Amino acid sequence: MLIDIQNLKKDYLMGEFSVTALSEINLQINKNEFVAIMGPSGSGKSTLMNILGCLDTPTEGTYLFDNMDITQLDDDALSAIRNKHIGFIFQSFNLLPRMTALQNVELPLMYAGVEKDERLKMAKASLEKVGLGDRWRHKPSELSGGQRQRVAIARALVTKPGIILADEPTGALDSKSGIEIMEIFTQLYEEGHTVLIITHERDVAACANRILEIRDGMITNDTTNINTKIGELSLAN
Amino acid sequence: MQLGENISIAFLGLIDHKFRSFLTILGIIFGTASVIAMVAIGEGAKKQAIAKYQDLGVSNIIVRDKDLTDNELEEVRMKFSKGLSFADAKAIREILPGVISVAPQSEIKLDAKSGDRSSKSTVIGITPEILEVLNYTTEKGAFITTDQYDRQLKVAVLGATVARELFSYENPVGRSVKLGDQWFEVVGTMETKALFTETVGELASRDLNNDVYIPLSTFNKRIPKENQYASEINQLTVKLRNSDELIESAAVIRNIIDRHHFNNDDFSIIVPFELMKQEEKESRIYNFLLASIAAISLIVGGIGIMNIMLASILERTREIGIRRAIGGRKADILGQFLTEAVVLSISGGIIGVFLGVFLSVGITWITDIETSLTLYSIIIAFSFSVMVGITFGYLPAKRAANLKPIESIRHE
Ligand SMILES: Nc1ncnc2c1ncn2[C@@H]1O[C@H](COP(=O)(O)OP(=O)(O)OP(=O)(O)O)[C@@H](O)[C@H]1O
Ligand SMILES: [Mg+2]
């Protein structure tokens, strides 16, 4: 099992009030699952994903990632886990604007202490994998939204993480670019990656093989999707 | 992450904001430059001060008639003192151990004249021994010889200013000058000497370049005494073999002359070397003060770095969040911003060193104030500027490192 969450709770302290964003979350995710998280705005999807990605810590409960107790780790250890085991993809891409695509993809390897030559090779391979082998010199501002998101995916993949977390990756894209991005995720899943995406769109969620629904900070539905849509697409091809 | 990479990231960040980076280090640049320029001015003053003592001779002891009023003079004469005399010189030469030479001299303020030009000068009667106690080199012609002294010739060697005022840039050697009511032949001119702007012990401040040297024998024969009580000579310059026993020798000299003058307190003893050491000590304090004032401006420059770095971190919060999300540790962020501060302050320091050197040279060039660049001031100013950069860069860098990843990545 890759992820095991028990009785997880997350409160946000807002001055004197505390807002409960997540409560009674129990969730297990195995290797090579493709999970879509759905739910209305403010239901706690991003909060859950940030905790899964070790960017945030739960208020209560336990979180085992690959049998490591995340709640017991210090900041440096969490940084190392984000670096080596987690690939984050954001709705707003979050690329460093002054760096080229290649430099952006190189960055996690830099923090991992990979040598320059090796780093360049891996970063280029990663960009090729998302179909941007010829655009490595470009800065984010010189790329389309879909291309930027593919650079972000290349950056997430470059350290060969155990899980890919994507928070509304197609949210800022037109439908054509969105489909391209979903094709990449599906391909990654088929190659054996574990992928978790947040989405508001039914068709996007339909690509996944498991769909979680969250409402008011609780998981209300957990269904297996046998007939994945992209699976049909690839069959049609 | 390796240091080299941190430095290259820092450079990229700074080059992206060239103008802002330049403004950030402006304070450091001026701080460093002013430390260097201030110390150069101080060192220049010190060098000049020391040069004037060297003109007096660092292994010499000077004995001078005290400046007494007519009444006081009359009183000491009543008490049997004749004032400084050749007998005093002889006694010192015979009794004092380690003495190389004793040079007597007399002096009087007179106008030196040539044609319709006139120069206020101090006419000094010297004996050939003067060349054994002082480093008197002539620029043109030759100094007064023993032969000229013995024959009581009316020859004169002009100080640089007198020569220039009387003869402009013509060669005065062979020409005549009138000292008081006597005509003298110019046999040489002196090199320009360090300015004597302050009183050195009992030596009234005077410009050595206004001196006119004539044989003491001629002086005593031709130049009228100021009054009936005037002593035979005004000054004795005693040269010792080495400068280790100056204080002891000065005490012996005082003893000898006290006895000759029947314990009349009508002379004073000056030890240039001691005065020089004292002045060196004083100028060290003065230099330190100058440098400290400049260092304050360097610290203000450091505050500038801190200020702009804090602003830049606020602006780059999201970048910090992204770096943390993909695995950057606190130490990496700290290192990145600290490196930026160091790169900034080193650049500022380097530019500041150049500006400081340029200023020091420029000051001398424009204002005639002597400056002296020293390696130590450059090293201190530079390392201090780098230290200031690191110190004031640390707080902002620490703050950047401690930002919560999730909050900074959400930052708009
Ligand atoms: N930093 C925070 N401080 C206070 N409350 C927060 C914070 N972050 C999230 N919340 C609250 O927690 C709840 C869940 O927020 P979250 O961002 O997880 O929702 P979401 O499901 O991702 O919504 P959306 O679909 O709009 O992205 C919301 O009520 C939100 O206001
Ligand atoms: Mg969200």
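Derivation of every value follows stated rules applied to the coordinates shown; laboratory data play no part. Remember, predicted model here, so these are calculated numbers, not experimental data. Here the Cβ is made from the backbone with ideal geometry for all residues, glycine too, and neighbour counts use every protein chain on show.
What is the gain in length, in nm to one decimal, between A:Ser18 and A:Thr220 on full extension, counting 0.36 nm per residue of separation less the C-alpha to C-alpha distance? Could the numbers behind the result be given before it?
Working: separation 202, 0.36 × 202 = 72.72 nm, distance 2.25 nm.
Full extension from A:Ser18 to A:Thr220 adds 70.5 nm.
If R₀ is 22 angstrom, what is the calculated FRET efficiency for the pair B:Lys404 and B:Asn307, using the beta carbon separation as r and rounding to 0.05? Write out the running numbers ahead of the final one.
Details: r = 23 Å, r/R0 = 1.06.
Efficiency computed from Cβ-Cβ geometry: 0.40.
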Give, rounded to the nearest 20 debye, the magnitude of the charge dipole that region B:18-166 has about its Cα centre when Lys and Arg contribute +1 at Cβ and Asp and Glu contribute -1 at Cβ. 760
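Given contacts defined as C-alpha pairs under 8 Å and at least six residues apart, what's the relative contact order of region B:67-265, whole-number percent? Kindly include the intermediate steps, with their values, before the conclusion.
Working: 365 pairs, mean separation 63.4, N = 199.
Relative contact order of region B:67-265: 32 percent.
Translational D (Stokes-Einstein, µm²/s) of region B:67-265 at 10 °C and 1.306 mPa s when Rh comes from the Kirkwood sum over C-alpha pairs? It would help to have the intermediate numbers written out before the result.
Numbers: Rh = 17.9 Å.
The diffusion coefficient I find is 89 µm²/s.
Arrange B:Val357, A:Val130 by Cβ neighbour counts within 10 Å, fewest through most, would you? Spell out each step's value before the answer.
Details: B:Val357 17, A:Val130 25.
Fewest-to-most ranking of B:Val357, A:Val130: B:Val357, A:Val130.
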Rank A:Asn83, A:Asn104, A:Asn227 by mean-square fluctuation in a GNM of chain A with C-alpha springs under 10 angstrom and give only the top-ranked residue. A:Asn227
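Where nothing but the Cβ of Lys and Arg (+1) and of Asp and Glu (-1) is charged, how large is the charge dipole of region B:67-265 around its Cα centre, in debye to the nearest 20?
600
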Charge dipole (the protein assembly as shown, unit charges on Cβ, about Cα centre) - positive-most of A:Val105, B:Thr137, A:Cys54: A:Val105
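For A:Ser18, A:Ser126, what ranking results if the residue with the fewest other Cβ atoms within 10 Å of its Cβ goes first? Mind showing how you got there, number by number?
On the way: A:Ser18 11, A:Ser126 26.
Listing A:Ser18, A:Ser126 from fewest to most nearby Cβ atoms yields A:Ser18, A:Ser126.
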What residue among B:Asp116, B:Asp244, B:Asp16 shows peak mean-square fluctuation when chain B is described by a Gaussian network model with Cα springs under 10 Å? B:Asp116
Under a point-charge model restricted to the Cβ atoms of Lys and Arg (+1) and Asp and Glu (-1), what is the dipole moment magnitude of the protein assembly as shown relative to its Cα centre, in debye to the nearest 20? 960
Translational diffusion coefficient, Stokes-Einstein: compute it for chain B using the Kirkwood radius over C-alpha pairs as Rh, at 4 °C and 1.567 mPa s, and state it as an integer in µm² s⁻¹. 50
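Give me A:Met68, B:Met306 ranked fewest to most by other Cβ atoms within 10 Å of their Cβ, as a rough exposure proxy. Intermediate results must be reported in sequence, preceding the final value.
Details: A:Met68 13, B:Met306 21.
Ranked by crowding around the Cβ, least crowded first: A:Met68, B:Met306.
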Determine which residues of region B:156-179 fall in the zone a paramagnetic label at B:Lys221 would reach in this model, i.e. backbone nitrogen under 15 Å from the point 7 Å along Cα→Cβ. B:156
Using alpha-carbon positions, what is the distance between the centroids of region B:331-345 and region A:162-213, in Å? 38
Which value in nm describes the separation of the simple spin-label points at B:Asp150 and B:Phe358, placed 7 Å from the Cα toward the beta carbon? 6.4
Report the residue, chosen from A:Glu190, A:Glu142, A:Glu115, that carries the largest GNM mean-square fluctuation when chain A is represented by alpha-carbon nodes joined by springs under 10 Å. A:Glu115
Do any GluC sites (Glu not before Pro) in region A:6-96 lie in a loop, going by DSSP, with at most 13 other beta-carbon atoms within 10 Å of their beta carbon, and if so which? A:Glu16
